Amino acid sequence: MVAEKRLEPEELKTLVQRSEWRKQSLESLLVSEGVVSEVELVQTFSDLTDLPILKSTETLATHETVASVPPHAALRYRIMPLHREASSLLLATDHPRDPDEIAELMVILGCSLKWKLCTFRELTELITHFYGVGLAPFLRLQENESRLHQSGGRSETSTGIPDFIDALIREAIRSHASDIHIEPQEDTLVVRFRIDGVLHNIPLPEGIDSYQKSVISSVKVMANLDIADRRMPQDGRIEKQLDDQSFDIRISVLPTRMGESLGLRILNREDTFLGIDELGLASWQRKKLQRLIQLPHGLLLFTGPTGSGKTTSQYAVLAEANDSKRKIITIEDPVEYQVKGITQLQTHAEIGFTFAHGLRSILRHDPDIILVGEIRDDETARIAVSAALTGHLVLSTLHTNDSAGSAPRLIDMGIEPYLVASSLQGIISQRLVRSICPHCKREDTLEDGFLEEVKPLFPESTPPYSTWTGCGCPYCRFTGYQNRRALFELMEINDPLRSLIAERSSSSVLMQQAIQRGMIPLRRAGWELVLKGLTTLEELLRITGGIDSSGN
């Protein structure tokens with residue numbers, strides 16, 4: 001690096017001294033100080049040693065290959081077995097090894113060694129994926145028990161379990177998981193993380209199954225729950241600090257036939273909501289939404305299943321409308337974000353403070369904009385519609401499959417069709433789709449069975465159509481996906497639609513009319529992402545189900 005003028009000699013001298021003082025390797029210090037990226041460092045190692053670099057899309061190791069390196073050796077020496085031949089073993093490493101270490105490993109593993117280079121992050125993810133989450137504390141637990149057994153002491157099986165649980169929670173936070181499910185089976189312990197809305201089985205160290213009761217009891221102790229009571233559901237919470245961030249872990253315990261099942265919901269106290277420009281709306285959708293926000297009165301609904309990002313979109317709208325000229329009051333269950341300049345109320349059903357009760361009280365405070373967390377019943381619906389007709393802009397959510405289903409749903413709740421037609425101004429239906437991991441992205445060709453649907457949607461394009469998929473790699477924890485993006489369907493209520501709503505027209509008729517007026521349905525918006533290589537066909541089908549291009 002000095003020879004290539006990427007680093008001054010004096011800088012190198014300072015970094016060497018700092019690494020010695022911190023007892024940190026020079027290469028890890030170079031990365032942490034931002035002098036070089038992990039990828040650049042590995043490339044430099046490869047240039048110096050002629051060792052090949054492991055590609056993210058290479059075939060994963062087999063179970064037999066992984067079994068040839070004991071877990072304690074993989075963790076201690078930070079190596080990952082990739083391929084086994086008759087007399088040699090191919091290993092992944094994040095730095096070149098010195099001859100003495102190689103000789104030591106050859107004695108331990110009993111064969112000659114070949115090497116491929118990868119980044120520190122890739123190696124960490126490979127070891128975690130093949131040997132299990134929480135491997136280090138679990139190996140310490142086994143060592144302690146073995147030592148106690150040899151000395152004739154009493155074995156406390158739960159001694160190292162809290163460290164294992166801590167590692168499990170930390171891995172879930174790093175994976176951006178929203179939930180951890182710990183599910184005891186007859187002879188196994190199953191742990192699943194919900195990442196980007198989808199549950200994934202998490203690999204665990206071999207042998208953890210025999211500690212399942214200790215794991216469950218330890219979580220209950222951490223949440224201050226009664227470990228003696230295994231017949232009733234219980235709720236608790238754990239506080240966790242990670243990388244200067246605070247997390248609330250909400251614990252739910254359910255007694256099942258196989259034992260107690262745990263659900264851990266991870267909430268980041270420092271989560272911030274997105275602005276309207278960060279939602280992922282198309283430019284024309286953003287302009288329409290901004291126009292709707294400026295309306296003096298009316299009902300603006302956000303629809304979609306649980307976990308589709310409705311609350312995030314609502315707060316983005318509130319942030320856009322939040323100025324000193326308008327008074328904004330919200331009633332929610334619960335209040336998910338704290339916003340300066342907005343009056344926020346939380347319902348308490350146990351004392352009778354419901355959405356309907358709170359909404360009646362809010363109207364006496366002269367608000368300009370009201371956010372109702374959810375329209376759940378006919379009473380809340382009536383008050384919300386009445387408020388929208390009497391000079392207030394009302395935002396709320398409704399559980400319908402698409403935007404066209406909102407008006408019929410309100411009518412089914414007992415609201416007169418002419419009132420629904422007069423109050424509704426706009427409906428936003430949305431879904432969250434997973435984005436393809438850019439590190440293991442692979443091109444494919446659209447199957448013939450979908451050509452009839454795609455051709456009319458994109459007449460300017462001609463077959464063959466390219467689609468993309470993620471193979472799975474350390475950067476996406478072998479899921480093929482990284483993060484999520486939103487799909488939006490924005491229905492602006494115009495006069496033709498108002499007439500159809502007043503006539504009690506079906507959702508399919510309303511959808512056809514909206515599409516004729518230029519609305520882009522969710523399915524078509526999803527196809528755009530698929531053909532641009534931003535998400536997969538599998539993900540589109542998972543999210544939109546049987547909705548076709550016409551909205552049926």
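Translational diffusion coefficient, Stokes-Einstein: compute it for the chain using the Kirkwood radius over C-alpha pairs as Rh, at 10 °C and 1.306 mPa s, and state it as an integer in µm² s⁻¹. Walk me through the intermediate numbers first.
On the way: Rh = 27.5 Å.
The Stokes-Einstein estimate is 58 µm²/s.
What shape does the range 41-184 have by the C-alpha gyration tensor, where a ≥ b ≥ c are the square roots of the eigenvalues, rounded means a/c under 1.5, and otherwise prolate means a/b greater than b/c and oblate the rest?
Working: a/c = 2.27, a/b = 1.43, b/c = 1.58.
Since a/c reaches 1.5 but b/c is at least a/b, the shape of the range 41-184 is classed as oblate.
Shape of the range 328-400 from its Cα gyration tensor (a ≥ b ≥ c, root eigenvalues): rounded if a/c is under 1.5, otherwise prolate when a/b > b/c, or oblate? Intermediate results must be reported in sequence, preceding the final value.
Values: a/c = 1.33, a/b = 1.02, b/c = 1.30.
Verdict is rounded for the range 328-400.
Loop only per DSSP, at most 15 neighbouring Cβ atoms within 10 Å: give me the GluC sites (Glu not before Pro) in the range 1-34, ordered by residue number. Could the numbers behind the result be given before it?
On the way: sites: GLU4, GLU10, GLU11, GLU20, GLU27, GLU33; in loops: GLU4, GLU33.
Sparse-neighbourhood loop GluC sites (Glu not before Pro): GLU4, GLU33.
Within straight cross-link reach of LYS23, meaning Cα distance under 20 Å, which lysines are found once same-chain residues fewer than 8 apart are removed?
Straight-distance partners of LYS23: LYS13.
Rounded to the nearest 500 deg cm²/dmol, what is the calculated helix-only ellipticity per residue at 222 nm for the chain, with -39500 (n - 2.57) per DSSP H run of length n ≥ 4? Working shown, then result.
Details: 21 runs with 210 residues, N = 552.
Mean residue ellipticity, 222 nm, calculated: -11000 deg cm²/dmol.
If the cut-off is a Cα-Cα distance under 22 Å, which lysines reach LYS532, setting aside same-chain residues fewer than 8 apart in sequence?
Filter leaves LYS441, LYS455.
Write out the trypsin sites (Lys or Arg not before Pro) in the range 212-278 meeting two conditions: DSSP loop, and at most 13 other Cβ atoms within 10 Å of their Cβ.
Values: sites: LYS213, LYS220, ARG230, ARG231, ARG237, LYS240, ARG250, ARG257, ARG265, ARG269; in loops: ARG230, ARG231, ARG257, ARG269.
Qualifying residues, ordered by number: ARG231, ARG257, ARG269.
Distance check, please: which entries in LYS213/LYS240; LYS55/LYS240; LYS240/LYS287; LYS5/LYS116 exceed 29 angstrom between their Cα atoms?
Working: LYS213/LYS240 23 Å; LYS55/LYS240 35 Å; LYS240/LYS287 41 Å; LYS5/LYS116 27 Å.
From the list (LYS213/LYS240; LYS55/LYS240; LYS240/LYS287; LYS5/LYS116), the Cα-Cα distance tops 29 Å for LYS55/LYS240; LYS240/LYS287.
Do you know the relative contact order of the chain, to the nearest whole percent, from alpha carbon pairs under 8 angstrom that are 6+ apart?
Details: 920 pairs, mean separation 52.0, N = 552.
Once divided by the residue count of the chain, the mean separation gives 9 percent.
Accessible area of the chain with a 1.4 Å probe: how many percent of it is carbon plus sulfur? Display every interim value, and only then the final one.
Numbers: 13500 of 27760 Å².
Carbon-and-sulfur percentage of accessible area, whole number: 49.
In degrees between 0 and 90, to the nearest 10, how far off the longest principal axis of the chain does helix 120-131 point, with axes built from Cα atoms?
90 degrees
For the range 160-171, what does the Karplus curve 6.51 cos²θ - 1.76 cosθ + 1.60, with θ = phi - 60°, yield as ³J(HN,Hα) per residue in whole Hz, taken in order and with x for Gly and Pro?
Those phi angles translate into x, 5, x, 5, 5, 5, 4, 5, 5, 5, 5, 5 Hz.
Enumerate cysteines in the chain without a disulfide-compatible partner, where compatibility requires another Cys Cβ under 4.7 angstrom.
That list is CYS111, CYS118.
Which residues does the label zone of GLU4 cover in the range 37-59, counting backbone N under 16 Å from a point 7 Å along Cα→Cβ?
Within reach of a label on GLU4: 37-53.
Would you please name the GluC sites (Glu not before Pro) within the range 70-163 that are DSSP coil residues with at most 13 other C-beta atoms within 10 Å of their C-beta?
Details: sites: GLU85, GLU101, GLU104, GLU122, GLU125, GLU143, GLU145, GLU156; in loops: GLU85, GLU156.
Filter output for the range 70-163: GLU85, GLU156.
The values are calculated or read from the model by the stated rules, or taken from the named source; none is laboratory data. The shown structure was predicted, so the numbers you read here are calculated from the model rather than taken from an experiment. As a convention, Cβ positions derive from the backbone with ideal geometry for all residues, glycine included, and neighbour counts pool all protein chains shown. Note: accessible area is taken over every heavy atom of the protein model, side chains too, but ligands, DNA and RNA are not part of it. Shrake-Rupley method; radii C 1.70, N 1.55, O 1.52, S 1.80 Å.
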